[in-house]
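Novice: Encoded as structure tokens, here's the structure I'll be asking about.
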Amino acid sequence: GNSVTQMEGPVTLSEEAFLTINCTYTATGYPSLFWYVQYPGEGLQLLLKATKADDKGSNKGFEATYRKETTSFHLEKGSVQVSDSAVYFCALVEPKKLVFGKGTKLTVNP
Amino acid sequence: SAVISQKPSRDICQRGTSLTIQCQVDSQVTMMFWYRQQPGQSLTLIATANQGSEATYESGFVIDKFPISRPNLTFSTLTVSNMSPEDSSIYLCSVDGQAGANVLTFGAGSRLTVL
């Protein structure tokens with residue numbers, strides 16, 4: 001079946017550092033891909049998405065490009081802030097449900 | 001997007017007991033989803049709850065262990081029955097944020113610890 005693999009965390013960065021969280025997927029066809037974020041004490045919320053190959057999703061300074069050649073959807077941000085500290089989940093859609101990666105915890109220190 | 005309230009936010013339970021988690025949405029939704037997040041694991045869909053019909057369970061989950069109610073378009077409950085320490089998880093309720101877009105809105109989750 002379809003699956004999502006994320007880089008293992010936790011990830012700790014200093015403020016203004018560059019962030020990459022790797023995500024690769026295994027799927028039949030070309031499903032829509034998502035990044036969700038969970039801030040402390042809150043529910044998961046959609047960060048960005050891409051619905052087809054070569055699409056770039058972006059939001060709040062985060063970006064991810066749907067790469068079918070490498071079956072990847074890596075999350076990047078050029079300069080992280082303390083407020084970006086959260087758990088990030090990569091996901092893909094299959095009929096009637098989302099399939100999630102294990103999540104990557106990011107801590108940004110001032 | 002919809003606002004979801006879950007109760008309880010956390011609980012500590014004894015082995016062999018059952019606990020019901022409530023999920024309230026501030027708008028009417030057709031489909032509600034229950035996920036489980038075990039420690040260090042990804043979110044796994046338990047079941048999909050539609051109003052007026054039986055919930056649809058994913059492989060590995062059964063109604064006797066996780067009975068679900070969906071009495072109306074804004075409310076659902078998930079019961080974790082006869083709990084064991086392996087049931088210690090975060091349980092999340094979610095709904096479709098946009099029709100047909102597969103974008104989910106999640107509640108903050110219910111963290112259960114079974115002793």
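Novice: Checking A:Glu63 against (1) of a type outside the set (Gly, Ala, Ser); (2) within 23 Å of B:Asp96 (Cβ to Cβ); (3) surrounded by fewer than 20 Cβ atoms within 10 Å (Cβ to Cβ); (4) at pLDDT 95 or above, which single condition isn't satisfied?
Specialist: Going through (1) of a type outside the set (Gly, Ala, Ser); (2) within 23 Å of B:Asp96 (Cβ to Cβ); (3) surrounded by fewer than 20 Cβ atoms within 10 Å (Cβ to Cβ); (4) at pLDDT 95 or above one by one, A:Glu63 breaks only (2).
Novice: Within region A:51-68, which residues are among the aliphatic types (A, V, I, L, M) and over 11 Å from the mean Cα position of the chain (by Cα)?
Specialist: The one that is among the aliphatic types (A, V, I, L, M) and over 11 Å from the mean Cα position of the chain (by Cα): A:Ala53.
Novice: While we're looking at this one, here's another question. If A:Lys105 meets every condition in (1) within 14 Å of another protein chain (Cβ to nearest Cβ); (2) outside any strand (DSSP E or B) apart from one, which number is that one?
Specialist: Unmet for A:Lys105, out of (1) within 14 Å of another protein chain (Cβ to nearest Cβ); (2) outside any strand (DSSP E or B): (2).
Novice: Would you confirm whether any residue within region B:101-111 is open to solvent by 20 Å² or more (accessible area, probe 1.4 Å), within 14 Å of chain A (Cβ to nearest Cβ), modelled with pLDDT of 90 or more and farther than 30 Å from A:Thr51 by Cα?
Specialist: So far as region B:101-111 goes, yes, one or more of its residues are open to solvent by 20 Å² or more (accessible area, probe 1.4 Å), within 14 Å of chain A (Cβ to nearest Cβ), modelled with pLDDT of 90 or more and farther than 30 Å from A:Thr51 by Cα.
Novice: Would you mind finding the one in B:Ser53, B:Ser27 that is among the hydroxyl-bearing types (Ser, Thr, Tyr), open to solvent by 60 Å² or more (accessible area, probe 1.4 Å) and not in a strand (DSSP E or B)?
Specialist: B:Ser53
Novice: Counting just the residues of region A:26-41 that are farther than 15 Å from A:Ala53 by Cβ and surrounded by fewer than 17 Cβ atoms within 10 Å (Cβ to Cβ), which one comes out nearest to the other protein chains (Cβ to nearest Cβ)?
Specialist: Checking each candidate, the answer is A:Gly41.
Novice: Is there a residue in region A:39-54 that is hydroxyl-bearing (Ser, Thr, Tyr), in contact with a strand residue (DSSP E or B) (Cβ under 6 Å, 6 or more places away or on another chain) and not in a loop (DSSP other than H, G, I, E, B)?
Specialist: no
Novice: Just need a number here: residues in region A:8-33 that are assigned to a loop (DSSP other than H, G, I, E, B) and more than 15 Å from A:Ala86 (Cα to Cα).
Specialist: Going through region A:8-33 one residue at a time, the tally reaches 10.
Novice: Got a number for residues in region B:3-24 being surrounded by fewer than 18 Cβ atoms within 10 Å (Cβ to Cβ) and either outside any strand (DSSP E or B) or touching a Gly at 6+ places or on another chain (Cβ under 7 Å) (or both)?
Specialist: Residues flagged as surrounded by fewer than 18 Cβ atoms within 10 Å (Cβ to Cβ) and either outside any strand (DSSP E or B) or touching a Gly at 6+ places or on another chain (Cβ under 7 Å) (or both) within region B:3-24 amount to 9.
The values are calculated or read from the model by the stated rules, or taken from the named source; none is laboratory data. Computed from a predicted model, the values in this text were never measured in an experiment. FYI the Cβ positions are ideal-geometry reconstructions off the backbone, even for glycines, and counts take in every protein chain you see. The protein model used for the area step is the full one, side chains on, heavy atoms only, and it has no ligands, DNA or RNA in it. Shrake-Rupley method; radii C 1.70, N 1.55, O 1.52, S 1.80 Å.
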